[in-house]
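This report concerns only the one structure given below.
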Amino acid sequence: MCDWLKQISNPEELRTLFWKCKSVWHAKPEVSQDKLTWIQTYAESMSLILYGLAEIQTSDAAKVLVDLWCDPKAGCGRHDAYAFIKCGKVALPFLREKKDSGVDTTRLIHLIESGATTSF
């Protein structure tokens, strides 16, 4: 986990930070190449926040991770699935709950249950 992220261990604070990064990233105007690096920092931070939540290894953090990953507005995808491998079985109840409500979390559940070490 990167140094700035280690300073935040509250899952709800990480959720808030995720949405702030998303907001800045989506507010981007037509930008020149020299500004893309600045904008990309926010997109990368969103993924880092998901991994940070996974590393906390608590039910609260797992719930926030699942909520963010399953929220279509968050824009998480396959590349973020590895966070669930890091999170492990603590995420399973929340993934199953989402699956029961119609969100396709089958692949993530399978990755965790099979003991996968990679998401690909």
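The values are calculated or read from the model by the stated rules, or taken from the named source; none is laboratory data. Here the structure is a predicted model, which is why all the values come from computation and not from measurement. Note: ideal-geometry Cβ built from the backbone for every residue, glycine included; neighbour counts use all protein chains shown.
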(message) Just the residues that are surrounded by fewer than 14 Cβ atoms within 10 Å (Cβ to Cβ) and either of a type in the set (Gly, Ala, Ser) or touching a residue at least 40 places away in the same chain (Cβ under 8 Å) (or both), please, taken from segment 89-102.
(response) SER101, GLY102
(request) Just need a number here: residues in segment 99-120 that are hydroxyl-bearing (Ser, Thr, Tyr) and within 16 Å of CYS70 (Cα to Cα). (result) 3
(message) Please list, ordered by residue number, the helices (runs of 4 or more DSSP H) wholly in segment 22-120 having 3 or more residues that are modelled with pLDDT of 90 or more.
(response) 33-56, 59-70, 92-100, 106-113
(request) Would you confirm whether any residue within segment 6-20 is closer than 24 Å to THR105 by Cβ, modelled with pLDDT under 90 and surrounded by fewer than 19 Cβ atoms within 10 Å (Cβ to Cβ)? (result) no
(message) Report every pair of residues separated by at least 6 positions or lying on different chains whose Cβ atoms are under 7 Å apart, first residue within segment 47-64 and under 13 Å from GLN7 (Cβ atoms), second of a type in the set (Val, Ile, Thr) and outside any helix (DSSP H, G or I).
(response) none
(message) Here's a check for you: in segment 103-117, which residue that is touching a residue at least 12 places away in the same chain (Cβ under 8 Å) and touching a helix residue (DSSP H, G or I) at 6+ places or on another chain (Cβ under 7 Å) is surrounded by the most Cβ atoms within 10 Å (Cβ to Cβ)?
(response) LEU108
